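Have a look at the structure below before the remarks.
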Amino acid sequence: MTCADPTSICSLMKTRPHLDITLCAPRGFCAGVDRAIQIVELALERYGAPVYVRHAIVHNKYVVDGLKAKGAIFVEELDEIPNTEAPVVFSAHGVPKSVPADAAARQMNFLDATCPLVSKVHIEANRHHAEGREIVLIGHAGHVEVIGTMGQLPEGAITLIQTVADAEAFVPRNPSKLAYVTQTTLSVDDTSAIVDVLRRRFPAISLPHKEDICYATTNRQEAVKHVAPQVEAMIVVGAPESSNSVRLVEVAQRAGCANAMLVERADKIDWSRFETIRTLGITAGASAPEKLVDEVIEAFAERFDISVKASGEQRERIVFNLPRELRSTATA
């Protein structure tokens, strides 16, 4: 075959525009997400199907659908689960204290897949409350992690602050007995601005022993800040329900890439936004598997002559222990 035929594959390849793709690193699964998915998979292996999961184990439809295909059944509340000996897994986002208490009262076999970094925030909140402090939680109303953290303590013990304006307007019961904790998946910059207001207004406020925003959120945001000013467009692979993925889009836009967007799957790409670009950054939220990133790259390879390079250090060495009940299954 020659290139004389304008419809030939050879001719089409020659006319495809070139696109330089920069992959942000690190990206994708964090240790907490990896652990939560393993818990469901190992529970299915040990106990057999079905295994019930309260709320989406992580905020990614591809992951959830994959676990459904293996025998997981997802519910929003425990009362949706029939009387059964099948185990129930609590999602990585954490749950209010009332949930395991209810499960225990119903003699359910339950496994807690709460990310250990979320559990750390729960422990901090309980410690501050035990020491007589009023607690401010920096986070987003309605997010399941926020619901779980606020549900660690009696109603009124925690006040939710979402914005700088909220921080300016907040009136504590006793400014000398005040502490703050944060949702783990927030924008580092937004959270810092709120913390600055709280520390200015209430100098005695107790701080977290260690930053509450998780290492994976921080690392992925830093990677995006580095790449965003160098590219004409940025894709964040992730679900709209994923707080950390949505924050990555905002971070990219603030870092200089106005054409940044969230893409759940390759078939959701709005190609009209990429017709004239020659440089593209790609990252993925902490609950998005690398397979979905590969899908996006392959979709661009069908339309562009691409070159791909990585920016940053991909390896994150943090690993969280599995629940004791499943460690022998994992070893086997």
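A few points about this structure:
- Selection count, the range 216-246, where residues are buried (at least 16 other Cβ atoms within 10 Å of the Cβ) and in a loop (DSSP other than H, G, I, E, B): 6
- From LEU186, LEU153, residue being of a type outside the set (Gly, Ala, Ser) and under 21 Å from the mean Cα position of the chain (by Cα): LEU186
- The strands (runs of 3 or more DSSP E) found wholly in the range 253-332 and carrying at least 1 residues that are at pLDDT 95 or above and of a type in the set (Lys, Arg) occupy 305-311.
- For the range 89-110, residues that are outside any loop (DSSP other than H, G, I, E, B), surrounded by fewer than 23 Cβ atoms within 10 Å (Cβ to Cβ) and among the aliphatic types (A, V, I, L, M) total 5.
- Residue check: ILE297 meets all listed conditions (1) within 18 Å of GLU232 (Cα to Cα); (2) surrounded by fewer than 15 Cβ atoms within 10 Å (Cβ to Cβ) but one, namely (2).
- Scanning the range 191-208 for residues that are closer than 22 Å to CYS30 by Cα and touching a helix residue (DSSP H, G or I) at 6+ places or on another chain (Cβ under 8 Å) yields one hit, PRO208.
- Candidates in the range 11-53 are the residues that are in a helix (DSSP H, G or I) and of a type in the set (Lys, Arg); of these, the one that is surrounded by the fewest Cβ atoms within 10 Å (Cβ to Cβ) is LYS14.
- Complete set of residues in the range 76-105 that are among the charged types (D, E, K, R) and modelled with pLDDT of 95 or more: GLU76, GLU77, ASP79, GLU80, LYS97, ASP102
- Looking across the range 149-159, the residues that are surrounded by fewer than 17 Cβ atoms within 10 Å (Cβ to Cβ) and within 22 Å of PHE202 (Cα to Cα) come down to GLY156, ALA157.
- Listed conditions (1) crowded, with 17+ Cβ neighbours inside 10 Å; (2) in contact (Cβ under 8 Å) with a residue 60 or more places away in the chain are all met by HIS209, apart from (1).
- Test result for GLU80, surrounded by fewer than 15 Cβ atoms within 10 Å (Cβ to Cβ) and either touching a strand residue (DSSP E or B) at 6+ places or on another chain (Cβ under 8 Å) or of a type outside the set (Ser, Thr, Tyr) (or both): yes
- The single residue among GLY285, GLY256 that is of a type in the set (Gly, Ala, Ser) and either at positive phi or surrounded by fewer than 16 Cβ atoms within 10 Å (Cβ to Cβ) (or both) turns out to be GLY256.
- As for the range 274-290, it holds at least one residue that is among the charged types (D, E, K, R), in contact with a strand residue (DSSP E or B) (Cβ under 9 Å, 6 or more places away or on another chain) and under 25 Å from ASP65 (Cβ atoms).
- Residue in the range 197-215 that is assigned to a helix (DSSP H, G or I), under 19 Å from the mean Cα position of the chain (by Cα) and modelled with pLDDT under 95 present: yes
- Of all the listed residues (VAL118, VAL146, VAL171, VAL136), the sole one being surrounded by 15 or more Cβ atoms within 10 Å (Cβ to Cβ), out of contact with any strand residue (DSSP E or B) (no Cβ under 8 Å at 6 or more places or on another chain), of a type in the set (A, V, I, L, M) and at pLDDT 95 or above is VAL118.
The values are calculated or read from the model by the stated rules, or taken from the named source; none is laboratory data. Just so we're clear, the structure is a prediction, and the values are computed from it rather than from any experiment. Glycine also receives a Cβ, built like all others from the backbone with ideal geometry; neighbour counts cover every protein chain displayed.
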